[in-house]
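One structure below.
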Amino acid sequence: MAVISFHSIEDRMVKQFVALHSGKSSERHPITGVPLAAATLRDCGRVLPGDAEIHANPRARSAVLRVAERTRAAVAPR
């Protein structure tokens, strides 16, 4: 999954979605600390525009590309 956001509020929503589905902010067992839900995404990071891109296209300065890879198919609860 690759998402380009142009505003910080959009980026925050994407960041929280990826964190939730990658197990970083999911609920954990109170004693063992093991995540209760299996991770379905792997956070691959973000890409920001470089100085040359910002110089050539000033509107690109606020763009953020976030990338995540699906690790397994999500299983619907029964």
### Task
Quick one: net charge around S5, please, counting Lys, Arg +1 and Asp, Glu -1 for every other residue with C-beta under 14 Å from its C-beta.
+4
## Note on the structure
Projected area averaged over all directions for the convex hull of the alpha carbon atoms of the chain, nm², comes out at 6.6 nm²
### Message
With angles folded into 0 to 90 degrees, how steeply does helix 8-21 sit against the dominant principal axis of the chain? Use alpha carbons for both and round to 10.
### Response
30 degrees
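Every number here is computed from the coordinates shown, using simple stated rules; none is lab data. Since we're looking at a predicted model, the values are computed, not measured. Cβ sites come from the backbone with ideal geometry, for glycine too, and all protein chains shown count toward neighbours.
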